[in-house]
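What follows is one structure encoded as structure tokens, with my remarks underneath.
We did not get these values from a lab; they are worked out from the coordinates using the rules stated. Remember, predicted model here, so these are calculated numbers, not experimental data. Here the Cβ is made from the backbone with ideal geometry for all residues, glycine too, and neighbour counts use every protein chain on show.
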Amino acid sequence: MSGAPATPEVSVIIPCHNSTKTLGLQLEALANQTGAPTFEVIVSDNGSTDGLEEFVEGWRDRLAVRYVDSGRLKGAGFARNVGMSGAAAGKWMFCDADDVVARDWVAQGSAALEIVEVFSGPGLRVTEDELTDGLAEA
């Protein structure tokens, strides 16, 4: 592959604070999106002490993911804003580190953002067993 990577159409921003226990399921769900336009994932670290930056680095071979430091001020809102300010795309989608998005979440959200300015979609609650064992195939 030569040249610079394509500019993503969508930036998915995930505010995080000590989220390594749950974030893997969310990143796995994002890595397995179907029908999605080109997208990047921005993990915005709001002062974690659990090795989040190294954890995110381990996903770069499966996902266009970037780590940004948003620890200057506490709060998910600040972390979202820092992530958004570094986004390469003009469309922004937000999810949380303890969620698991649907397989077509990026595709559906991106399509919705062609029509409306703000999109919010449903989430799937993850149990403690699923954190340990992984999600069953739907």
Check: With r defined as the distance between the Cβ atoms of residue 72 and residue 49 and R0 fixed at 22 Å, what FRET efficiency is calculated, to the nearest 0.05?
Finding: 0.90
Next item on the list: Please work out whether region 21-79 counts as rounded, prolate or oblate from its C-alpha gyration tensor, where a ≥ b ≥ c are the square roots of the eigenvalues and a/c under 1.5 means rounded, while otherwise a/b larger than b/c means prolate and anything else oblate?
Entry: prolate
Notebook entry, point to check: To the nearest 0.05, what FRET efficiency results for residue 20 and residue 84 with a Förster distance of 22 Å applied to their C-beta separation?
Noted result: 0.45
Note to self: What does the net charge come to around residue 91 if you take all other residues with beta carbon closer than 15 Å to its beta carbon, with K and R at +1 and D and E at -1?
What the structure shows: -3
